[in-house]
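The values are calculated or read from the model by the stated rules, or taken from the named source; none is laboratory data. Treat the numbers as computed from the prediction; the structure is a model and nothing was measured. Cβ placement follows ideal geometry from the backbone for every residue including glycine, while neighbour counts extend to all protein chains displayed. We work out accessible area using only protein heavy atoms, side chains counted, and drop any ligands, DNA or RNA first. Shrake-Rupley method; radii C 1.70, N 1.55, O 1.52, S 1.80 Å.
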Amino acid sequence: MAKPNPIWKRMYSYKYTEYDMKCATWCINQDIHISPLPILHDGNNFYIDIIIKGKISRSPKKFTVDETVPKIYEYYRFYYEKNNTKKERSSIN
């Protein structure tokens, strides 16, 4: 069996919060998906794809392995907070 790639282990060592997971779950249920896209021939860098109801947008910026997952959860929080009232958000925190 092949050893896991250490890049992915570092990438998913991010300590997400309960709020991060609530935002991500809400987004996924609303057909908003955010994922890393490795950049071939560019070391440990990634783009981030945001797919909303089938429409794909790709980040113009490249992210390092250590920046990628925190940025993904930042996007999930952004879309959750943009689409929910303050009262709805406070019931989750």
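Does the stretch 57-74 hold any residues that are under 12 Å from the mean Cα position of the chain (by Cα) and part of a helix (DSSP H, G or I), and which are they?
GLU67, THR68, VAL69, PRO70, LYS71, ILE72, TYR73, GLU74
Answer with yes or no whether LYS87 is modelled with pLDDT under 90, part of a helix (DSSP H, G or I) and either open to solvent by 70 Å² or more (accessible area, probe 1.4 Å) or at positive phi (or both).
On the way: modelled with pLDDT under 90: yes; part of a helix (DSSP H, G or I): yes; either open to solvent by 70 Å² or more (accessible area, probe 1.4 Å) or at positive phi (or both): yes.
Yes; evaluated as a whole, the condition is true for this residue.
Inside the stretch 24-56, can you point out the residues that are outside any strand (DSSP E or B) and in contact (Cβ under 8 Å) with a residue 12 or more places away in the chain?
Once the filter is applied, which keeps residues that are outside any strand (DSSP E or B) and in contact (Cβ under 8 Å) with a residue 12 or more places away in the chain, the stretch 24-56 yields ALA24, TRP26, CYS27, GLN30, ASP31, ILE39, ASP42, ASN44, LYS53, GLY54.
Here are some conditions: (1) surrounded by fewer than 16 Cβ atoms within 10 Å (Cβ to Cβ); (2) in contact with a Phe, Trp or Tyr (Cβ under 6 Å, 6 or more places away or on another chain); (3) closer than 16 Å to MET21 by Cα. TYR80 meets all but one. Which one does it not meet?
Every listed condition holds for TYR80 apart from (1).
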